[in-house]
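The values are calculated or read from the model by the stated rules, or taken from the named source; none is laboratory data. These numbers come from a predicted model, not from an experiment. Note that we place each Cβ from the backbone using ideal geometry, even for glycine, and neighbour counts take in every protein chain shown. Surface areas here come from the heavy atoms of the whole protein model, side chains and all, with no ligands, DNA or RNA. Shrake-Rupley method; radii C 1.70, N 1.55, O 1.52, S 1.80 Å.
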Amino acid sequence: MIPRVLAVFVLIILAFRGISLYVEDLWFISVGYRSVYWIRIAIQAGAFLAFATATAAALFVLLRAVIPKASDSRRLVEIGGETIEIPGTHVLKRIAALASLGLGLMFGLAYSADWTRYALFLNRPAASGTVDPILGRDLTHYLFVLPVYDALGAWLLAISIIVLIGGVLMAPMDAAQRFRGVSLGLALVLAALAVQANLARFHRLYQDHALFSGVNYTDDNAILPGLSIVMLALALGALWSAWNLRACRIRNLAVAAGMPALVYLLVLAAYPAYVTNFIVRPNELGRESEYIAHNIRETRRAFGLDDVEELDFNPVETLEGFDQASHAQTLDNVRLWDWRALQATLQQVQEIRDYYDFADIDVDRYVIDGRKQSMMLATRELNLDRVPIAENAWVAERLIYTHGYGVTMNPVNQFTEEGLPELILYDMPVVSASDSVRVERPEIYFGELTDWHVYVNTNREEFDYPEGGGDAYSTYEGEGGIRVGSILRRILLAYETGELWTLPFANDVTPNSQLLMRRNIRERTRTIAPFLLYDDDAYMVVGDDGALYWMIDAFTASDRHPYSRPINVGGRGINYIRNSVKVVVNAYDGTTRFYVFEPDDPVIQAYRNVFPDLFADADAMPANLRPHTRYPELLFQIQALIYATYHVDDPQVFYNRADLWTVAQQSRSQAGADQIEPYFVLLRFPGEEEVEFVSILPFTPANRNNLIGWMAARSDGDAYGRLRAYTFPESRLIEGPLQIEARIDQDPELSSQLSLWNQQGSTVLRGNLLVIPIDDTLLFVSPIYLQAERSPMPELRIVVLATEDRMTYGASFEEALGRLLDGQGATPSPSPLESTVTDAAPDIELPADGNREALIAQAAQALEDYQQLTAEGRLAEAGRRLEALRDALDALRR
């Protein structure tokens, strides 16, 4: 009875699993990667069968071997004063068989989950030519071969331990045969430990130490030879224990286990401690220099820093002779819009309805009216949580509210007279202020907020966008999605989506309707290629064809590169990374393509061998999208963190920590300072002619605030992917962002104005402080916004510009730059702050007779009006009342 019930239970599980496999197959067909899905299934199935069969067979034989050859009848054995009834041999063998089968299934499931290591091993490329300096193994050995050896070694050890446990449990029945089962189990465990000792030699190549990673002097001269000796001792112990199967002497077990333990204590504990304390420490630098050099070289290679173009940069202290015209394109593209301020503004002026949301702001370059310009894009996505659904929620969520609509685009530094962004793309339907860019497919079915599945091509029209007194509706015209089809397929889809009580009875969903699943672009790409590491900062691209595309950077990574320093990325420790893949997702129909941009990366070479239909060459990327590829921010941040320590070549400097850098910091609020994030700018490198779109990060010495250098990641043309680092002279003190901010705070007029604005009713917001190298000059740019308490839209009020010897500010970048080039200092007169308010005369009249009480009353009224107007966001009128307050106070002083 029990076997039948168990069989029925297993069949039910397999049936439900079969439904999931079927729907997954339909989805992968819809995205064009069916072969990818079934290759993965085949590899997982192969790994499951291999490990399940090997485990079951090995345990079946070995567990039967540890069962004593005794009578089949039950026996009573006295242990510790208690009498225990032990089953007969035939019963034990049945139990062993069932245990072998159960453990085989468990091992098969566990090891099949790690299918990528076996796939990479079987499809690994030829040797890379990069050989480790200690054991002489190629990089491919560590990336592809060693992980499989580790898995097999762990499997062998687990099997051996299970057999040893079985032998110990059988010991009460085995006394007459001198613990033959224990001898067999111990021999297997010692042999498995010998394998582990051999593999541990390779693990030392990426072992992390306090000072550096990889083999150090003690490892090379004590631990590596010691592991070989221990491996030999373990092998001898295994042979001794195996011989005890014939000798049947209990003391041989103690010798077999004790000899390797004693050798371990001598060669892997005592001797390495002696080498460390009496040979290395008295002359640590001299002993470790060779190994530090290995670590520096391999860490830079593993993180793509071995080809950094390193140059000196000695900025001039003054702007005398600065040619503004030759740098017009850079100056015209200085980013004044902080993405946070822009996001808050767009949410007020371009969301149109509460159920739209701008999840992120992206920076990219576009050719607008014949000129390359830095632009900021925001995608207007539908936020289902905000949709007002009164009734029939399933129809509304699945059939009507299916997509977002359009994007906004604005130059990084242009404002309207009202302080709003000067939009190039805006509104619904999308309006373009330039013939250079257009959006013809504004619907966004696939995005960053589209976390729910929908049905399209139904009998219900889909909400498109609000207009006038009603709403505009549309119907999906794309090819993506799973066709609902027959009633049987409809039921299977309903089970998989959890809609058994709605979808089968939905008359609006026809057989030709399409199910759009996994519309979140992150989930979509990770489902297709889960073995890649993805940058969370996907960005929108407006193609020349009028379509909208998401571009996502994907990486190959490993934690097994010899001699490379590990770093934590998203909770995962890695010591090797490459931006090997760019993923493009069509926002309308979900078409997803993977383009290889690092064809020399051995990891992506192996994955291309595994999935030949998944990846395409970079040259296959559409020509209208290739100019919008950017150097990934995540990779640049990782490389900057590594380069801050590994920019040095001298082991002595590295050992002494005499030249440690850190990414520069800036202060946004009273809460403290944060590291500056990479920022994209259009600039011309010193001594070059072409303007490039690059990402920049400045560095300061560790625990100091002055600048020491800056790094740029290039994104245009043939220079894509190259890094350039500029180092400042150590003999000069060049102020960093925090010091520039201190100069702002210490300026009497500017500081007092910011303090006044930051009182009740308004908040001063500081945007990104940008450090922009322009030829042989460093220009610091700090936009400052004012946000009223009752108005969520920040308004740009001041732009601060600074060089080493000068600081000025104005109501606009042009005004501040003009003052800077005119030689006006940090406290110019007349104050540019006056230009942030209206030029109209104050709207109060001062008493002609200079009556003191009347003046005090006027000043008090002006201050009250100013606070009220600021709280309401009426900043222009508040400026007039502030001017009135100032005039009243001046009259009182007189």
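General observations
- Of all residues in the range 328-345, none are out of contact with any Gly (no Cβ under 9 Å at 6 or more places or on another chain), part of a strand (DSSP E or B) and of a type in the set (A, V, I, L, M, F, W, C).
- Residues that are under 19 Å from Glu417 (Cβ atoms) and of a type in the set (Phe, Trp, Tyr), drawn from the range 777-826: Tyr785, Phe813
- Sole residue being polar (S, T, N, Q) and under 17 Å from Ile676 (Cβ atoms), chosen from Ser762, Ser782: Ser782
- Within the range 519-559, tally of residues that are closer than 20 Å to Phe615 by Cα, touching a residue at least 24 places away in the same chain (Cβ under 8 Å) and part of a loop (DSSP other than H, G, I, E, B): 5
- Index of the failed condition, Thr662 passing every other in (1) in a loop (DSSP other than H, G, I, E, B); (2) open to solvent by 40 Å² or more (accessible area, probe 1.4 Å); (3) farther than 26 Å from Gln324 by Cα; (4) not acidic (Asp, Glu): (1)
- Of the residues making up the range 739-771, those that are open to solvent by less than 20 Å² (accessible area, probe 1.4 Å) and in contact with a helix residue (DSSP H, G or I) (Cβ under 7 Å, 6 or more places away or on another chain) are Ile744, Leu750, Gln753, Gly761, Ser762, Gly767, Leu769, Val771.
- Qualifying positions in the range 740-755 - in contact (Cβ under 8 Å) with a residue 24 or more places away in the chain and either within 25 Å of Ser791 (Cα to Cα) or small (Gly, Ala, Ser) (or both): Leu750, Gln753, Leu754
Let's see how each residue does on (1) in contact (Cβ under 8 Å) with a residue 12 or more places away in the chain; (2) of a type in the set (Gly, Ala, Ser); (3) touching a Ser or Thr at 6+ places or on another chain (Cβ under 7 Å):
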{"residue": "Gln675", "(1), (2), (3)": "yes, no, no"}
{"residue": "Phe685", "(1), (2), (3)": "yes, no, no"}
{"residue": "Glu689", "(1), (2), (3)": "no, no, no"}
{"residue": "Ala702", "(1), (2), (3)": "yes, yes, yes"}
{"residue": "Asn706", "(1), (2), (3)": "yes, no, yes"}
{"residue": "Ala713", "(1), (2), (3)": "yes, yes, yes"}
{"residue": "Pro729", "(1), (2), (3)": "yes, no, no"}
{"residue": "Glu735", "(1), (2), (3)": "yes, no, no"}
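- Leading residue by the ranking (most open to solvent (accessible area, probe 1.4 Å)) among those in the range 206-222 that are assigned to a helix (DSSP H, G or I) and more than 15 Å from Leu285 (Cα to Cα): Asn221
- Residue in the range 155-174 that is modelled with pLDDT of 95 or more and within 16 Å of Tyr118 (Cα to Cα) present: yes
- Subset tally (residues that are open to solvent by 20 Å² or more (accessible area, probe 1.4 Å) and over 14 Å from Ala187 (Cα atoms)) for the range 225-246: 3
- Elements of the type strands (runs of 3 or more DSSP E) sitting completely within the range 714-824 and holding at least 2 residues that are closer than 21 Å to Pro315 by Cα and over 32 Å from the mean Cα position of the chain (by Cα): these cover 795-802, 807-810.
- Residue check, Ala200 part of a helix (DSSP H, G or I), closer than 25 Å to Leu169 by Cβ and within 43 Å of the chain's Cα centre (by Cα): no
- Test result for Asp360, part of a strand (DSSP E or B), open to solvent by 20 Å² or more (accessible area, probe 1.4 Å) and not β-branched (Val, Ile, Thr): yes
- Tallying residues that are surrounded by 19 or more Cβ atoms within 10 Å (Cβ to Cβ) and assigned to a loop (DSSP other than H, G, I, E, B) within the range 622-635 yields 5.
- Summed over the range 123-165, residues that are farther than 30 Å from Ala57 by Cβ, basic (Lys, Arg) and buried (at least 19 other Cβ atoms within 10 Å of the Cβ) total 0.
- Candidates are the residues of the range 297-318 that are hydrophobic (A, V, I, L, M, F, W, C) and touching a helix residue (DSSP H, G or I) at 6+ places or on another chain (Cβ under 6 Å); the one that is farthest from Asp649 (Cα to Cα) is Phe303.
- Some residue of the range 687-697 being among the acidic types (Asp, Glu) and buried (at least 17 other Cβ atoms within 10 Å of the Cβ): yes
- Check on Asp544, surrounded by fewer than 20 Cβ atoms within 10 Å (Cβ to Cβ), under 19 Å from the mean Cα position of the chain (by Cα), of a type outside the set (Lys, Arg) and more than 27 Å from Gln44 (Cα to Cα): no
- Close pairs (7 angstrom Cβ cut-off, 6 or more residues apart or separate chains): surrounded by 21 or more Cβ atoms within 10 Å (Cβ to Cβ) in the range 177-198, part of a loop (DSSP other than H, G, I, E, B) anywhere: Arg180/Cys248; Gly181/Met170
- The one condition in (1) touching a Leu at 6+ places or on another chain (Cβ under 9 Å); (2) of a type in the set (Val, Ile, Thr); (3) open to solvent by less than 10 Å² (accessible area, probe 1.4 Å) that Ile521 fails to fulfil: (1)
- Given (1) under 30 Å from Tyr118 (Cα atoms); (2) modelled with pLDDT of 95 or more, number of the condition Val542 does not satisfy: (1)
- Flag if Asn575 is among the polar types (S, T, N, Q) and either farther than 27 Å from Val431 by Cα or more than 18 Å from the chain's Cα centre (by Cα) (or both): yes
- Annotation for the range 301-320: no member residue is without any contact (Cβ under 8 Å) to a residue 60 or more places away in the chain and either in contact with a strand residue (DSSP E or B) (Cβ under 8 Å, 6 or more places away or on another chain) or part of a helix (DSSP H, G or I) (or both).
- Leu49 meets all of the listed conditions (1) of a type in the set (A, V, I, L, M); (2) modelled with pLDDT of 95 or more; (3) open to solvent by 20 Å² or more (accessible area, probe 1.4 Å); (4) within 23 Å of Leu532 (Cα to Cα) but one, namely (4).
Residue by residue, here is whether (1) part of a strand (DSSP E or B); (2) open to solvent by less than 30 Å² (accessible area, probe 1.4 Å); (3) at negative phi holds:
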residue: Asn507; (1), (2), (3): no, no, yes
residue: His561; (1), (2), (3): no, yes, yes
residue: Arg593; (1), (2), (3): yes, no, yes
residue: Ile604; (1), (2), (3): no, yes, yes
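- Selection count where residues are closer than 26 Å to Ala126 by Cα and either modelled with pLDDT under 95 or over 20 Å from the mean Cα position of the chain (by Cα) (or both), scope the range 582-597: 0
- Every pair of residues 6+ apart whose Cβ atoms lie under 6 Å, when the first sits in the range 636-657 and is open to solvent by 20 Å² or more (accessible area, probe 1.4 Å) while the second is hydroxyl-bearing (Ser, Thr, Tyr): Pro651/Ser289
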